[in-house]
Amino acid sequence: MTAAAEVRAGHAGAGSVLDRVALPLIHSLDAVLGHAHRLGSAAAELTQHRGQLLRITQEAEELTDLPSVALLRRWKAVEEQIASMCLSAEKRLRRRAFATSGVSDDPSVEERVTARIRASSASTAESLDELRSALDLPVGEADPLRASESLLAVLEQQRVGHRSSAAAVAPTLNREQRAMGAGVVLVPLVAALLAGALAVQQEQPNTTYGRTLTGDRPLAGLQIVGDLSALPPSPQRRTYEMPTHEESLTLEFIRDSMDTTLRFSHTAALLPDDLELTVALLPLEDYLDYAPHPDWDDYLQMDYGDLILAYQEVKQTVAQEYPQVLDERTGDVALGQGILPIWMLPDGELAMGYALTGEISTGVDSRLGAYYFNATEPRVLATDDFLLGDDISWELTQLGRALEYNHQETAKVGSQEVFWLTALTVWTGVQTFLLIGAAVLDTVRRRRGTRQARELLSELRGRLEQLALGLDLSRLDMVAVLGSRSISDGPASAGTATEGRAEQADQRLYETALVTAWRELDDLELTPRPQQRGEQWTQRVQHAAQLIDTLSVRDVSVRDRAAQLLRTHQIL
């Protein structure tokens, strides 16, 4: 009883110990009785029990000390009857609902109880278990407030077209929050799995020739080293539109020839990077010895070692006229430059040499450095049938193919590792993005909720002022109710005093709650604006709205009862 003695002053600084216990229960029963037409005979019994609680509360208020043991026993007995009646009505409603459309359990009954207590105490308390235990009253499942809120939850679920108002207890998680929580988990997981599967599917471990080429750069520049007059005569099948070999060695002609090749070939492509080409017209006998190929006509054969030395001389010959072709630091062909030797044979024929570039030949299938297989066996050009510019453009398309296959490395990671690495990377990125988005949305939601709470607070102030202005009328209505009952029951009625106590307690609790709501609104309005952005302040506004809704319903109920009784006696 020590805890009860410490709160002897009661709720909001006035009233008895039982006021704090009674106020949330009375408010909950009032909400339940708002559905009296669906409760049947249980409504009348709950109304009777409500009156008994109010009478006991008034008796406790008139005591000078703590409530007596006998008084608490009576209170406990009434609470047990209320809890039993609420549970019976709830079971009956659930059976009826399951037989038609079905009703699921409300998982927020405990939170409804907490919100009810917070609303009646101006958010100063969330539980009455300590106080009830000190008064030897049941707690937990046996608490009549829990039974009443559970019944109210079922009534609200089954009400057609029900919508949560400011007076309804705040739900735990709405559909939007649940969907957001599921999305944060499922969306990154699904995206990660799809990305991993796509990465494995698009993986290209095969680096050999045959892939689609992507080169799209035309020849950037063209320069000639050597004597153009030493070129063989024009093709014998020349028409009046066909240029000479010398005329075909222009940048425009070679570019057009490469474009023509692309139109008739689905596997060819332009160069992957910009390249300035130097065509070197050089007499073959001045650089190395050669012989006809023993196996194939129109091919030559030469020694690999002699060819390597000859190419060093070719680079020096080109550098004498175009020094920018070679890199000053390495003495090799500079990046973005290329040398294409055209070997001039004594009989006037031409042979296509192997192109030199500034790229280093590396990778699993590079052919830039395959001199032993290609450069040592140059092809003799059919100068009687084709222009030299066309042969050079064809050679450039092959060079572009070799450049695209250069620097390729086979990944030393298996398909399983690729899948999980990609999936983990995508999962982390998507989850980070969603969490940032959720934080932004939560900030926006909080700001919107704060703005709505401020608007609701302004509305509540007006409603509360109306209730305060009508307080004297409320007292007169209560007097009218008591006076009407006294007239109807007669001056010697034994129940008049008993009923009067209940009505007095009801009015006193109403005024106590009214003062509590007024002080709570004052405190909410004086809260600094930065602190109003928190969830706690918004919940306090909702609890204040719930309390004012309850007070408004009670005020209207008393007014209607007084008017009805007065009309009845006027008729009589």
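The values are calculated or read from the model by the stated rules, or taken from the named source; none is laboratory data. Please read all numbers here as calculations on a predicted model, not as lab measurements. Note that each Cβ is placed from the backbone with ideal geometry, even for glycine, and that neighbours are counted across all protein chains shown. Accessible surface is based on the protein model in full, side chains and every heavy atom, while ligands, DNA and RNA are left aside. Shrake-Rupley method; radii C 1.70, N 1.55, O 1.52, S 1.80 Å.
Of the residues LEU282, LEU249, the single one that is surrounded by 13 or more Cβ atoms within 10 Å (Cβ to Cβ), within 19 Å of ASP384 (Cβ to Cβ) and either in contact with a Lys or Arg (Cβ under 7 Å, 6 or more places away or on another chain) or touching a residue at least 24 places away in the same chain (Cβ under 8 Å) (or both) is LEU249. Does GLN531 meet the test of being modelled with pLDDT under 75, part of a helix (DSSP H, G or I) and in contact with a Phe, Trp or Tyr (Cβ under 8 Å, 6 or more places away or on another chain)? Taking the combined requirement at face value, the residue satisfies it.
Matching residues to (1) out of contact with any His (no Cβ under 8 Å at 6 or more places or on another chain); (2) at pLDDT 80 or above; (3) surrounded by fewer than 16 Cβ atoms within 10 Å (Cβ to Cβ):
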| position | (1), (2), (3) |
| --- | --- |
| VAL160 | yes, no, yes |
| ALA170 | yes, no, no |
| ARG178 | yes, no, yes |
| ALA182 | yes, no, yes |
| LEU186 | yes, no, yes |
| TYR209 | yes, no, yes |
| SER229 | yes, yes, yes |
| SER234 | no, no, no |
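Looking across ALA334, ALA382, ALA351, one residue alone is modelled with pLDDT of 90 or more, closer than 18 Å to SER248 by Cβ and of a type in the set (Gly, Ala, Ser). It is ALA351. When residues in segment 303-331 are screened for being small (Gly, Ala, Ser) and either open to solvent by 90 Å² or more (accessible area, probe 1.4 Å) or under 19 Å from LEU288 (Cα atoms) (or both), 2 of them pass.
Failed condition for LYS91, given (1) farther than 14 Å from LEU152 by Cα; (2) modelled with pLDDT of 75 or more, with all others met? For LYS91, the exception is condition (1). Quick check on segment 25-40: of everything there that is free of Cβ contacts under 8 Å to residues at least 60 places away in the same chain and in a helix (DSSP H, G or I), which residue is surrounded by the most Cβ atoms within 10 Å (Cβ to Cβ)? Going through the qualifying residues, I end up with LEU33.
Filter segment 430-453 down to residues that are within 27 Å of VAL190 (Cα to Cα) and touching a residue at least 60 places away in the same chain (Cβ under 8 Å) and give me whichever is nearest to the chain's Cα centre (by Cα). Here the residue is LEU434.
Might you check whether a residue that is open to solvent by 20 Å² or more (accessible area, probe 1.4 Å), modelled with pLDDT under 85, more than 33 Å from the chain's Cα centre (by Cα) and among the β-branched types (Val, Ile, Thr) occurs anywhere in segment 199-207? No - not one qualifying residue is present in segment 199-207.
Checking the condition assigned to a helix (DSSP H, G or I), under 15 Å from ALA153 (Cα atoms) and either open to solvent by 20 Å² or more (accessible area, probe 1.4 Å) or modelled with pLDDT of 85 or more (or both), which residue from ALA97, ALA70, ALA83, ALA43 passes? After applying the criteria, what remains is ALA83.
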